[in-house]
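Written below as C-alpha coordinates is the structure these notes are about.
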There are 2 protein chains.
Amino acid sequence: MHINFDLLDSLSDNTLHVKKGTYLYRKADASTCIMLIHSGSLKTVYSFQGTQEHRVDDFHIKKDIIGLDAMMDSYYSTDAVALEDTIVKAVSYEKLSHCTSRSAEVVEMLDTLKARFMSRKEETRGILNNLRAEARMAAFFISIISRMANIGYSNQEIQLKMTNKDIANFLGVKGETISRAKRSLVKTGAIAWEKKNFKILDFQILNQIVNPRFTH
Amino acid sequence: MHINFDLLDSLSDNTLHVKKGTYLYRKADASTCIMLIHSGSLKTVYSFQGTQEHRVDDFHIKKDIIGLDAMMDSYYSTDAVALEDTIVKAVSYEKLSHCTSRSAEVVEMLDTLKARFMSRKEETRGILNNLRAEARMAAFFISIISRMANIGYSNQEIQLKMTNKDIANFLGVKGETISRAKRSLVKTGAIAWEKKNFKILDFQILNQIVNPRFTH
DNA sequence: CGCGGCCTTGAGAAATGTCAATGCGAGTGG
DNA sequence: CCACTCGCATTGACATTTCTCAAGGCCGCG
(Lines give C-alpha, C1' and ligand atoms only; values in the text may rest on other atoms or scores of the structure.)
Protein backbone atom coordinates (compact mmCIF):
# COMPACT_ATOMS: atom_id res chain seq x y z
CA MET A 1 0.00 0.00 0.00
CA HIS A 2 1.08 3.52 -0.73
CA ILE A 3 1.39 5.99 2.12
CA ASN A 4 -0.72 9.11 1.74
CA PHE A 5 1.72 11.80 2.86
CA ASP A 6 -0.74 14.61 2.21
CA LEU A 7 -3.22 12.97 4.54
CA LEU A 8 -0.59 12.62 7.24
CA ASP A 9 0.43 16.20 6.70
CA SER A 10 -3.12 17.41 7.11
CA LEU A 11 -3.42 15.50 10.39
CA SER A 12 -0.35 17.08 11.88
CA ASP A 13 -1.00 19.63 14.58
CA ASN A 14 2.54 20.66 15.34
CA THR A 15 5.69 21.45 13.37
CA LEU A 16 9.05 21.00 15.08
CA HIS A 17 12.39 22.48 14.09
CA VAL A 18 15.36 20.45 15.28
CA LYS A 19 18.85 21.90 15.04
CA LYS A 20 21.71 19.70 13.91
CA GLY A 21 23.11 17.68 16.77
CA THR A 22 20.14 18.24 19.08
CA TYR A 23 17.57 15.73 20.26
CA LEU A 24 14.09 15.36 18.81
CA TYR A 25 13.25 13.02 21.69
CA ARG A 26 14.99 10.95 24.30
CA LYS A 27 14.39 7.46 25.50
CA ALA A 28 12.84 8.60 28.77
CA ASP A 29 10.48 11.12 27.19
CA ALA A 30 6.76 10.52 27.30
CA SER A 31 5.56 9.90 23.77
CA THR A 32 2.39 11.57 22.52
CA CYS A 33 2.77 11.49 18.78
CA ILE A 34 4.32 9.99 15.68
CA MET A 35 6.34 12.27 13.45
CA LEU A 36 6.77 12.67 9.72
CA ILE A 37 10.15 13.98 8.61
CA HIS A 38 9.42 16.95 6.39
CA SER A 39 13.03 17.82 5.61
CA GLY A 40 16.42 16.79 6.92
CA SER A 41 17.44 13.52 8.57
CA LEU A 42 18.04 11.92 11.95
CA LYS A 43 19.65 8.96 13.62
CA THR A 44 18.10 6.90 16.41
CA VAL A 45 20.51 5.68 19.05
CA TYR A 46 20.44 3.18 21.89
CA SER A 47 22.22 4.54 24.94
CA PHE A 48 23.51 2.23 27.62
CA GLN A 49 23.24 3.31 31.21
CA GLY A 50 26.42 3.85 33.15
CA THR A 51 28.66 4.29 30.12
CA GLN A 52 29.24 6.66 27.26
CA GLU A 53 28.64 3.78 24.89
CA HIS A 54 25.85 3.95 22.39
CA ARG A 55 24.72 2.11 19.33
CA VAL A 56 23.20 3.62 16.20
CA ASP A 57 19.89 1.87 15.64
CA ASP A 58 18.98 3.38 12.29
CA PHE A 59 19.04 6.43 10.06
CA HIS A 60 15.86 8.24 9.05
CA ILE A 61 15.40 10.43 6.02
CA LYS A 62 12.76 12.67 4.52
CA LYS A 63 9.27 11.14 4.47
CA ASP A 64 10.20 8.53 7.06
CA ILE A 65 7.89 8.24 10.05
CA ILE A 66 9.55 8.03 13.44
CA GLY A 67 8.17 7.41 16.90
CA LEU A 68 6.33 4.24 15.88
CA ASP A 69 8.31 2.20 18.39
CA ALA A 70 6.72 4.24 21.16
CA MET A 71 3.27 3.72 19.71
CA MET A 72 3.80 -0.03 19.61
CA ASP A 73 5.69 -0.46 22.84
CA SER A 74 4.40 2.49 24.91
CA TYR A 75 7.83 4.07 25.27
CA TYR A 76 10.66 5.23 23.04
CA SER A 77 13.42 2.66 22.84
CA THR A 78 15.95 5.12 21.43
CA ASP A 79 17.16 8.71 21.42
CA ALA A 80 16.62 10.63 18.16
CA VAL A 81 19.33 13.08 17.08
CA ALA A 82 19.20 15.39 14.06
CA LEU A 83 22.01 14.86 11.54
CA GLU A 84 21.30 18.29 10.04
CA ASP A 85 18.75 21.03 10.63
CA THR A 86 15.52 19.11 10.38
CA ILE A 87 11.79 19.79 10.31
CA VAL A 88 9.25 17.22 11.45
CA LYS A 89 5.48 17.28 11.57
CA ALA A 90 3.90 15.70 14.61
CA VAL A 91 0.61 13.79 14.59
CA SER A 92 -0.67 13.23 18.11
CA TYR A 93 -2.01 9.88 19.26
CA GLU A 94 -5.10 11.75 20.33
CA LYS A 95 -5.84 12.91 16.83
CA LEU A 96 -4.98 9.50 15.41
CA SER A 97 -7.39 7.71 17.71
CA HIS A 98 -10.14 10.11 16.67
CA CYS A 99 -9.43 9.38 13.04
CA THR A 100 -9.15 5.63 13.36
CA SER A 101 -12.72 5.44 14.57
CA ARG A 102 -13.90 7.21 11.44
CA SER A 103 -11.46 6.65 8.61
CA ALA A 104 -10.61 3.21 7.29
CA GLU A 105 -7.80 4.78 5.30
CA VAL A 106 -6.05 6.03 8.44
CA VAL A 107 -6.35 2.62 10.10
CA GLU A 108 -4.95 0.90 7.04
CA MET A 109 -2.16 3.43 6.75
CA LEU A 110 -1.11 2.90 10.35
CA ASP A 111 -1.01 -0.84 9.82
CA THR A 112 1.12 -0.32 6.72
CA LEU A 113 3.48 1.93 8.64
CA LYS A 114 3.88 -0.64 11.38
CA ALA A 115 4.53 -3.36 8.85
CA ARG A 116 7.18 -1.22 7.16
CA PHE A 117 8.76 -0.49 10.49
CA MET A 118 9.05 -4.24 11.00
CA SER A 119 10.53 -4.92 7.59
CA ARG A 120 13.05 -2.20 8.15
CA LYS A 121 14.15 -3.86 11.39
CA GLU A 122 14.58 -7.14 9.57
CA GLU A 123 16.51 -5.46 6.81
CA THR A 124 19.00 -3.88 9.18
CA ARG A 125 19.46 -7.19 10.92
CA GLY A 126 20.16 -8.78 7.55
CA ILE A 127 22.88 -6.27 6.85
CA LEU A 128 24.68 -7.23 10.04
CA ASN A 129 24.55 -10.94 9.42
CA ASN A 130 27.34 -10.74 6.91
CA LEU A 131 30.62 -10.37 8.74
CA ARG A 132 32.56 -8.77 5.90
CA ALA A 133 32.80 -5.02 6.29
CA GLU A 134 32.70 -4.42 2.54
CA ALA A 135 29.52 -6.45 2.25
CA ARG A 136 27.88 -4.52 5.07
CA MET A 137 28.96 -1.29 3.48
CA ALA A 138 27.61 -2.31 0.08
CA ALA A 139 24.31 -3.42 1.62
CA PHE A 140 24.12 -0.11 3.42
CA PHE A 141 24.60 1.84 0.19
CA ILE A 142 22.00 -0.19 -1.66
CA SER A 143 19.54 0.20 1.17
CA ILE A 144 19.92 3.93 1.63
CA ILE A 145 19.87 4.75 -2.06
CA SER A 146 16.75 2.66 -2.62
CA ARG A 147 15.03 4.60 0.11
CA MET A 148 16.16 7.88 -1.43
CA ALA A 149 14.93 6.78 -4.83
CA ASN A 150 11.56 5.85 -3.32
CA ILE A 151 10.99 9.41 -2.28
CA GLY A 152 11.98 10.91 -5.60
CA TYR A 153 15.72 11.49 -5.33
CA SER A 154 18.35 10.24 -7.71
CA ASN A 155 18.87 6.50 -7.64
CA GLN A 156 22.58 6.95 -8.13
CA GLU A 157 23.81 9.85 -6.07
CA ILE A 158 23.66 10.31 -2.32
CA GLN A 159 24.80 12.96 0.04
CA LEU A 160 25.26 11.36 3.42
CA LYS A 161 24.87 13.65 6.39
CA MET A 162 25.98 11.21 9.06
CA THR A 163 29.61 10.83 10.08
CA ASN A 164 31.83 7.90 9.25
CA LYS A 165 31.74 6.97 12.88
CA ASP A 166 27.95 6.81 12.84
CA ILE A 167 28.01 4.49 9.86
CA ALA A 168 30.70 2.38 11.50
CA ASN A 169 28.68 2.12 14.68
CA PHE A 170 25.53 1.27 12.74
CA LEU A 171 27.31 -1.44 10.80
CA GLY A 172 29.05 -2.82 13.88
CA VAL A 173 32.62 -2.14 12.73
CA LYS A 174 35.29 0.44 13.51
CA GLY A 175 35.73 3.79 11.80
CA GLU A 176 39.03 2.81 10.24
CA THR A 177 37.41 -0.22 8.67
CA ILE A 178 34.82 2.02 7.04
CA SER A 179 37.58 4.17 5.56
CA ARG A 180 39.25 1.12 4.08
CA ALA A 181 36.06 -0.52 2.88
CA LYS A 182 35.08 2.66 1.07
CA ARG A 183 38.46 2.92 -0.60
CA SER A 184 38.18 -0.69 -1.63
CA LEU A 185 34.70 -0.18 -3.11
CA VAL A 186 36.00 2.79 -5.07
CA LYS A 187 38.89 0.71 -6.40
CA THR A 188 36.56 -2.00 -7.71
CA GLY A 189 34.58 0.65 -9.57
CA ALA A 190 31.38 0.04 -7.62
CA ILE A 191 31.10 3.58 -6.27
CA ALA A 192 32.55 7.03 -6.64
CA TRP A 193 33.04 9.10 -3.56
CA GLU A 194 34.20 12.56 -2.70
CA LYS A 195 33.82 14.17 0.69
CA LYS A 196 30.26 13.37 1.82
CA ASN A 197 29.00 12.68 -1.71
CA PHE A 198 28.64 9.18 -3.03
CA LYS A 199 27.64 7.85 -6.40
CA ILE A 200 26.74 4.32 -7.30
CA LEU A 201 28.53 3.35 -10.49
CA ASP A 202 27.77 -0.35 -10.74
CA PHE A 203 24.87 -1.95 -8.90
CA GLN A 204 25.84 -5.40 -10.09
CA ILE A 205 29.25 -5.25 -8.46
CA LEU A 206 27.65 -3.95 -5.30
CA ASN A 207 25.14 -6.79 -5.27
CA GLN A 208 27.86 -9.34 -5.86
CA ILE A 209 29.78 -8.03 -2.88
CA VAL A 210 26.67 -8.47 -0.73
CA ASN A 211 25.92 -11.92 -2.16
CA PRO A 212 29.19 -13.53 -3.26
CA ARG A 213 27.33 -16.78 -3.87
CA PHE A 214 26.01 -15.48 -7.19
CA THR A 215 29.46 -14.83 -8.63
CA HIS A 216 30.82 -18.24 -9.57
CA MET B 1 1.40 -6.77 30.38
CA HIS B 2 1.15 -10.47 31.05
CA ILE B 3 0.01 -12.77 28.27
CA ASN B 4 -3.04 -14.86 29.08
CA PHE B 5 -2.04 -18.23 27.69
CA ASP B 6 -5.24 -19.91 28.81
CA LEU B 7 -7.24 -17.36 26.86
CA LEU B 8 -5.16 -17.95 23.76
CA ASP B 9 -5.53 -21.67 24.26
CA SER B 10 -9.28 -21.39 24.48
CA LEU B 11 -9.36 -19.42 21.23
CA SER B 12 -7.41 -22.01 19.30
CA ASP B 13 -9.40 -24.02 16.84
CA ASN B 14 -6.71 -26.32 15.57
CA THR B 15 -3.82 -28.32 17.04
CA LEU B 16 -0.88 -29.12 14.79
CA HIS B 17 1.76 -31.81 15.26
CA VAL B 18 5.03 -31.05 13.53
CA LYS B 19 7.70 -33.74 13.25
CA LYS B 20 11.33 -32.85 13.83
CA GLY B 21 12.89 -31.40 10.71
CA THR B 22 9.59 -30.72 8.93
CA TYR B 23 8.01 -27.39 8.11
CA LEU B 24 5.24 -25.76 10.08
CA TYR B 25 4.90 -23.19 7.32
CA ARG B 26 6.85 -21.85 4.37
CA LYS B 27 7.44 -18.37 3.17
CA ALA B 28 5.06 -18.72 0.21
CA ASP B 29 2.20 -20.20 2.25
CA ALA B 30 -0.97 -18.22 2.73
CA SER B 31 -1.24 -17.28 6.36
CA THR B 32 -4.55 -17.66 8.18
CA CYS B 33 -3.55 -17.85 11.82
CA ILE B 34 -1.05 -17.14 14.57
CA MET B 35 0.28 -20.09 16.53
CA LEU B 36 1.12 -20.76 20.16
CA ILE B 37 3.88 -23.29 20.75
CA HIS B 38 2.44 -25.83 23.15
CA SER B 39 5.52 -28.03 23.36
CA GLY B 40 8.79 -28.35 21.47
CA SER B 41 10.69 -25.68 19.57
CA LEU B 42 11.28 -24.31 16.07
CA LYS B 43 13.59 -22.13 14.08
CA THR B 44 12.51 -19.55 11.51
CA VAL B 45 14.71 -19.25 8.46
CA TYR B 46 15.12 -16.83 5.59
CA SER B 47 15.71 -18.66 2.34
CA PHE B 48 17.31 -16.95 -0.62
CA GLN B 49 16.05 -17.72 -4.07
CA GLY B 50 18.39 -19.39 -6.49
CA THR B 51 20.77 -20.77 -3.88
CA GLN B 52 20.89 -23.24 -1.04
CA GLU B 53 21.83 -20.42 1.28
CA HIS B 54 19.68 -19.59 4.22
CA ARG B 55 19.85 -17.55 7.37
CA VAL B 56 18.42 -18.47 10.75
CA ASP B 57 16.17 -15.61 11.79
CA ASP B 58 15.34 -16.78 15.29
CA PHE B 59 14.60 -19.69 17.59
CA HIS B 60 11.20 -20.18 19.17
CA ILE B 61 10.42 -22.12 22.30
CA LYS B 62 7.41 -23.23 24.31
CA LYS B 63 4.85 -20.45 24.87
CA ASP B 64 6.26 -18.32 22.08
CA ILE B 65 3.78 -17.08 19.50
CA ILE B 66 4.81 -17.42 15.87
CA GLY B 67 3.22 -16.20 12.67
CA LEU B 68 2.93 -12.60 13.86
CA ASP B 69 5.09 -11.38 10.98
CA ALA B 70 2.41 -12.57 8.57
CA MET B 71 -0.32 -10.84 10.54
CA MET B 72 1.58 -7.57 10.41
CA ASP B 73 2.96 -7.80 6.93
CA SER B 74 0.33 -9.96 5.19
CA TYR B 75 2.81 -12.72 4.34
CA TYR B 76 5.30 -14.95 6.12
CA SER B 77 8.82 -13.64 5.77
CA THR B 78 10.40 -16.93 6.86
CA ASP B 79 10.14 -20.71 6.79
CA ALA B 80 9.45 -22.38 10.15
CA VAL B 81 11.17 -25.71 10.83
CA ALA B 82 10.66 -27.89 13.92
CA LEU B 83 13.84 -28.55 15.92
CA GLU B 84 12.14 -31.50 17.63
CA ASP B 85 8.67 -33.03 17.58
CA THR B 86 6.51 -30.04 18.28
CA ILE B 87 2.87 -29.24 18.99
CA VAL B 88 1.35 -25.85 18.20
CA LYS B 89 -2.13 -24.46 18.69
CA ALA B 90 -3.46 -22.30 15.90
CA VAL B 91 -5.70 -19.26 16.37
CA SER B 92 -7.23 -18.16 13.09
CA TYR B 93 -7.34 -14.51 12.05
CA GLU B 94 -11.05 -14.99 11.55
CA LYS B 95 -11.60 -15.90 15.16
CA LEU B 96 -9.27 -13.12 16.31
CA SER B 97 -11.13 -10.47 14.36
CA HIS B 98 -14.39 -11.66 15.90
CA CYS B 99 -12.89 -11.36 19.35
CA THR B 100 -11.23 -8.01 18.87
CA SER B 101 -14.59 -6.40 18.23
CA ARG B 102 -15.84 -7.70 21.56
CA SER B 103 -12.96 -8.20 23.95
CA ALA B 104 -10.65 -5.41 25.01
CA GLU B 105 -8.38 -8.00 26.58
CA VAL B 106 -7.78 -9.73 23.25
CA VAL B 107 -7.02 -6.43 21.54
CA GLU B 108 -4.58 -5.48 24.27
CA MET B 109 -2.97 -8.90 24.20
CA LEU B 110 -2.40 -8.71 20.47
CA ASP B 111 -0.79 -5.31 20.85
CA THR B 112 1.45 -6.69 23.58
CA LEU B 113 2.43 -9.63 21.39
CA LYS B 114 3.33 -7.32 18.52
CA ALA B 115 5.37 -5.13 20.84
CA ARG B 116 7.25 -8.18 22.14
CA PHE B 117 7.86 -9.35 18.62
CA MET B 118 9.47 -5.98 17.95
CA SER B 119 11.64 -6.02 21.06
CA ARG B 120 12.79 -9.50 20.19
CA LYS B 121 13.89 -8.28 16.76
CA GLU B 122 15.81 -5.47 18.37
CA GLU B 123 17.42 -7.84 20.82
CA THR B 124 18.68 -10.16 18.10
CA ARG B 125 20.03 -7.19 16.21
CA GLY B 126 21.87 -6.11 19.35
CA ILE B 127 23.51 -9.51 19.63
CA LEU B 128 24.91 -9.19 16.13
CA ASN B 129 26.31 -5.74 16.66
CA ASN B 130 29.16 -7.06 18.74
CA LEU B 131 31.70 -8.57 16.42
CA ARG B 132 33.38 -10.91 18.90
CA ALA B 133 32.11 -14.45 18.57
CA GLU B 134 32.43 -15.12 22.29
CA ALA B 135 30.36 -12.03 23.06
CA ARG B 136 27.65 -13.11 20.64
CA MET B 137 27.67 -16.57 22.13
CA ALA B 138 27.41 -15.22 25.68
CA ALA B 139 24.57 -12.88 24.68
CA PHE B 140 22.83 -15.82 23.06
CA PHE B 141 23.07 -17.91 26.22
CA ILE B 142 21.80 -15.11 28.41
CA SER B 143 18.93 -14.44 26.05
CA ILE B 144 17.77 -18.01 25.66
CA ILE B 145 18.02 -18.87 29.33
CA SER B 146 16.09 -15.76 30.33
CA ARG B 147 13.34 -16.79 28.01
CA MET B 148 13.35 -20.31 29.43
CA ALA B 149 13.23 -18.93 32.96
CA ASN B 150 10.27 -16.72 32.01
CA ILE B 151 8.21 -19.78 31.20
CA GLY B 152 9.09 -21.64 34.34
CA TYR B 153 12.21 -23.60 33.47
CA SER B 154 15.51 -23.54 35.33
CA ASN B 155 17.40 -20.29 35.05
CA GLN B 156 20.70 -22.14 34.92
CA GLU B 157 20.37 -25.23 32.78
CA ILE B 158 19.41 -25.45 29.14
CA GLN B 159 19.05 -28.27 26.70
CA LEU B 160 19.49 -26.84 23.26
CA LYS B 161 17.76 -28.71 20.49
CA MET B 162 19.26 -26.80 17.58
CA THR B 163 22.54 -27.80 15.95
CA ASN B 164 25.81 -25.96 16.33
CA LYS B 165 25.47 -24.94 12.73
CA ASP B 166 22.09 -23.35 13.38
CA ILE B 167 23.52 -21.32 16.23
CA ALA B 168 26.49 -20.35 14.07
CA ASN B 169 24.21 -19.22 11.28
CA PHE B 170 21.99 -17.31 13.69
CA LEU B 171 24.98 -15.54 15.21
CA GLY B 172 26.54 -14.81 11.82
CA VAL B 173 29.72 -16.84 12.35
CA LYS B 174 31.02 -20.22 11.21
CA GLY B 175 30.46 -23.54 12.94
CA GLU B 176 34.10 -23.93 13.86
CA THR B 177 34.04 -20.57 15.58
CA ILE B 178 31.13 -21.73 17.72
CA SER B 179 33.08 -24.79 18.79
CA ARG B 180 36.00 -22.67 19.83
CA ALA B 181 33.93 -19.99 21.53
CA LYS B 182 32.15 -22.63 23.59
CA ARG B 183 35.42 -24.20 24.65
CA SER B 184 36.70 -20.79 25.60
CA LEU B 185 33.60 -19.98 27.67
CA VAL B 186 33.98 -23.28 29.48
CA LYS B 187 37.62 -22.52 30.23
CA THR B 188 36.75 -19.16 31.81
CA GLY B 189 34.27 -20.92 34.08
CA ALA B 190 31.25 -19.08 32.68
CA ILE B 191 29.43 -22.20 31.53
CA ALA B 192 29.49 -25.96 31.77
CA TRP B 193 28.65 -27.95 28.72
CA GLU B 194 28.22 -31.56 27.79
CA LYS B 195 26.68 -32.77 24.57
CA LYS B 196 23.56 -30.64 24.05
CA ASN B 197 23.26 -29.65 27.72
CA PHE B 198 24.50 -26.32 28.96
CA LYS B 199 24.67 -24.83 32.39
CA ILE B 200 25.35 -21.24 33.32
CA LEU B 201 27.90 -21.16 36.12
CA ASP B 202 28.64 -17.46 36.35
CA PHE B 203 26.29 -14.82 34.98
CA GLN B 204 28.70 -12.05 35.89
CA ILE B 205 31.47 -13.41 33.71
CA LEU B 206 28.98 -13.90 30.91
CA ASN B 207 27.77 -10.33 31.20
CA GLN B 208 31.31 -9.00 31.24
CA ILE B 209 32.04 -10.85 28.03
CA VAL B 210 29.02 -9.19 26.42
CA ASN B 211 29.88 -5.75 27.84
CA PRO B 212 33.64 -5.53 28.35
CA ARG B 213 33.27 -1.83 29.14
CA PHE B 214 32.09 -2.67 32.65
CA THR B 215 35.22 -4.60 33.57
CA HIS B 216 37.87 -1.98 34.26
C1' DC C 1 27.15 -52.37 10.61
C1' DG C 2 28.04 -48.80 7.53
C1' DC C 3 26.83 -44.34 5.88
C1' DG C 4 26.36 -39.45 6.32
C1' DG C 5 26.09 -35.41 8.76
C1' DC C 6 27.73 -32.91 12.63
C1' DC C 7 31.35 -31.62 15.76
C1' DT C 8 36.10 -30.91 16.99
C1' DT C 9 40.77 -29.65 16.27
C1' DG C 10 44.88 -27.87 13.84
C1' DA C 11 47.48 -24.81 10.70
C1' DG C 12 47.76 -21.10 7.74
C1' DA C 13 45.27 -17.28 5.15
C1' DA C 14 42.41 -13.30 5.33
C1' DA C 15 40.02 -9.72 7.64
C1' DT C 16 39.29 -6.56 11.37
C1' DG C 17 40.86 -4.29 15.57
C1' DT C 18 44.19 -1.40 17.92
C1' DC C 19 47.38 2.21 18.34
C1' DA C 20 49.62 6.12 16.66
C1' DA C 21 50.67 9.93 13.54
C1' DT C 22 48.99 13.16 10.39
C1' DG C 23 45.73 15.78 7.63
C1' DC C 24 41.44 18.02 7.08
C1' DG C 25 37.46 20.95 7.97
C1' DA C 26 33.65 22.93 10.46
C1' DG C 27 32.67 25.79 14.12
C1' DT C 28 34.39 29.22 17.76
C1' DG C 29 36.09 33.22 19.52
C1' DG C 30 38.93 37.12 19.05
C1' DC D 1 37.95 38.02 8.67
C1' DC D 2 41.44 35.14 10.46
C1' DA D 3 43.58 31.99 13.58
C1' DC D 4 42.71 28.37 16.60
C1' DT D 5 40.87 24.24 18.17
C1' DC D 6 38.68 20.04 18.39
C1' DG D 7 36.67 16.25 16.45
C1' DC D 8 36.54 13.46 12.38
C1' DA D 9 38.92 11.00 8.62
C1' DT D 10 42.83 8.74 6.64
C1' DT D 11 46.79 5.86 6.58
C1' DG D 12 50.39 2.60 8.23
C1' DA D 13 52.21 -1.13 11.17
C1' DC D 14 51.19 -4.69 14.05
C1' DA D 15 48.02 -7.64 17.14
C1' DT D 16 43.95 -10.23 17.37
C1' DT D 17 40.23 -12.73 15.59
C1' DT D 18 37.79 -15.26 12.35
C1' DC D 19 37.73 -17.85 8.06
C1' DT D 20 39.12 -21.59 5.19
C1' DC D 21 40.57 -26.04 4.34
C1' DA D 22 41.52 -30.50 5.87
C1' DA D 23 41.56 -34.52 8.82
C1' DG D 24 39.58 -37.34 12.15
C1' DG D 25 36.10 -38.68 15.70
C1' DC D 26 31.44 -39.15 17.20
C1' DC D 27 26.57 -40.13 16.89
C1' DG D 28 22.15 -41.21 14.99
C1' DC D 29 19.70 -43.51 11.53
C1' DG D 30 18.65 -46.70 8.05
Seminar exercise, completed: Restricted to region A:32-54 and to residues being outside any strand (DSSP E or B) and touching a residue at least 40 places away in the same chain (Cβ under 8 Å), the residue surrounded by the fewest Cβ atoms within 10 Å (Cβ to Cβ) is A:32
Exercise. Can you tell me which residues in region A:5-59 are under 25 Å from residue A:165 (Cα atoms) and among the acidic types (Asp, Glu)?
Worked result: A:53, A:57, A:58
Exercise. Quick check: is even one residue across region A:1-9 over 20 Å from residue A:147 (Cβ atoms), surrounded by fewer than 20 Cβ atoms within 10 Å (Cβ to Cβ) and in contact with a strand residue (DSSP E or B) (Cβ under 8 Å, 6 or more places away or on another chain)?
Worked result: no
Seminar exercise, completed: Among residues of region B:121-136 being among the aliphatic types (A, V, I, L, M) and within 13 Å of residue A:129 (Cα to Cα), the residue nearest to the other protein chains (Cβ to nearest Cβ) is B:128
Problem set entry | The lone exception for residue A:158 - which of (1) assigned to a helix (DSSP H, G or I); (2) buried (at least 17 other Cβ atoms within 10 Å of the Cβ); (3) in contact (Cβ under 8 Å) with a residue 24 or more places away in the chain it fails | (1)
Exercise. Taking residue A:69 and the conditions (1) charged (D, E, K, R); (2) more than 14 Å from chain B (Cβ to nearest Cβ); (3) buried (at least 18 other Cβ atoms within 10 Å of the Cβ), which numbered condition does it fall short on, given that it satisfies the others?
Worked result: (2)
For this session: Have a look at A:187, A:174, A:196 and point out the one that is over 22 Å from residue A:129 (Cβ atoms) and within 10 Å of DNA strand D (Cβ to nearest atom).
Result: A:196
Problem set entry | Positions within region B:77-111 being surrounded by 15 or more Cβ atoms within 10 Å (Cβ to Cβ) and within 12 Å of chain A (Cβ to nearest Cβ), in sequence order | B:77, B:78, B:110, B:111
For this session: Report yes if some residue within region B:137-149 is within 16 Å of DNA strand C (Cβ to nearest atom), within 14 Å of another protein chain (Cβ to nearest Cβ) and touching a residue at least 40 places away in the same chain (Cβ under 8 Å); otherwise report no.
Result: no
For this session: Can you confirm whether region B:52-59 contains a residue that is within 16 Å of DNA strand C (Cβ to nearest atom) and more than 13 Å from chain A (Cβ to nearest Cβ)?
Result: yes
Exercise. Hey, among A:127, A:178, A:167, which residue is within 16 Å of DNA strand C (Cβ to nearest atom), surrounded by 21 or more Cβ atoms within 10 Å (Cβ to Cβ) and closer than 24 Å to residue B:57 by Cβ?
Worked result: A:127
Exercise. Restricting attention to region A:20-77, which residues are over 21 Å from residue B:72 (Cα atoms) and of a type in the set (S, T, N, Q)?
Worked result: A:22, A:31, A:32, A:39, A:41, A:44, A:47, A:49, A:51, A:52
Exercise. If we scan region B:182-192, do we find a residue that is under 18 Å from residue B:62 (Cα atoms) and surrounded by 14 or more Cβ atoms within 10 Å (Cβ to Cβ)?
Worked result: no
Seminar exercise, completed: The helices (runs of 4 or more DSSP H) lying entirely within region B:77-155 that contain at least 2 residues which are not assigned by TED's automatic domain parsing to the domain that holds residue B:14 are B:104-129, B:133-150
For this session: Answer yes if at least one residue in region B:97-118 is more than 27 Å from residue A:111 (Cβ to Cβ) and of a type outside the set (A, V, I, L, M), and no otherwise.
Result: no
For this session: Return yes or no: is residue B:44 closer than 17 Å to residue B:169 by Cβ and modelled with pLDDT under 85?
Result: no
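The values are calculated or read from the model by the stated rules, or taken from the named source; none is laboratory data. Keep in mind that this is a model prediction, so the values were computed, not measured. With ideal geometry, Cβ positions are generated from the backbone for all residues, glycine too; neighbour counts draw on all protein chains shown.
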